[in-house]
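Worksheet: one structure, shown below.
Just so it is clear, none of the values below were taken in a lab; they were calculated from the coordinates. Predicted, not measured: the structure shown is a model, and the values here were computed from it. We place every Cβ from the backbone using ideal geometry, glycine too, and count neighbours over all the protein chains shown.
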Amino acid sequence: MNEQARHQNAETGVPINECGTLFREGGAFYLQRDLGGRYLLDLPRMPVDEVEKRVRVVGTLLARDHVLVDGVSLADR
């Protein structure tokens, strides 16, 4: 099973460590995943310096497309 299919079928509690573009829509933050699709991010802090940049998000899946984020950092190219 490829990585995208694995996450589309993932259950809650699955660790997430993915890269993509961080963006803000309304009052919410999302990760536009390099693998396709996007995650709604539940963030402990506002990552304003990383918005519209390529980042790595580490966290735990709360629902199919919702991640409780432990950390956001700029991703290597």
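Annotations
- Among L61, L35, L22, the largest mean-square fluctuation in a Gaussian network model of the chain (Cα springs under 10 Å) belongs to L35.
- Counting only DSSP beta bridges with both residues in the chain, the antiparallel share comes to about 90 percent.
- Relative to the current alpha-carbon distance between Q32 and R54, full extension at 0.36 nm per residue lengthens the span by 7.0 nm.
- Only Cα pairs under 8 Å and 6+ residues apart enter the sum, and on that basis the relative contact order of region 3-74 stands at 36 percent.
- Only one of [x] 84; [y] 120; [z] 50 was calculated from the structure for volume of the Cα convex hull per residue in Å³, and its label is [x].
- In this rough spin-label picture, where each label sits 7 Å from Cα along the Cβ direction, the R45-A63 distance is 2.7 nm.
- Order of F23, F29 - criterion: other Cβ atoms within 10 Å of each residue's Cβ, fewest first: F23, F29
- Gain on full stretching of the segment that runs from D70 to E25 - 0.36 nm per residue minus C-alpha separation: 14.2 nm
- Proximal charge balance of P47 [Cβ under 13 Å; K/R count +1, D/E count -1]: 0
- Fewest-first ranking of Y39, Y30, using other Cβ atoms within 10 Å as the exposure measure: Y30, Y39
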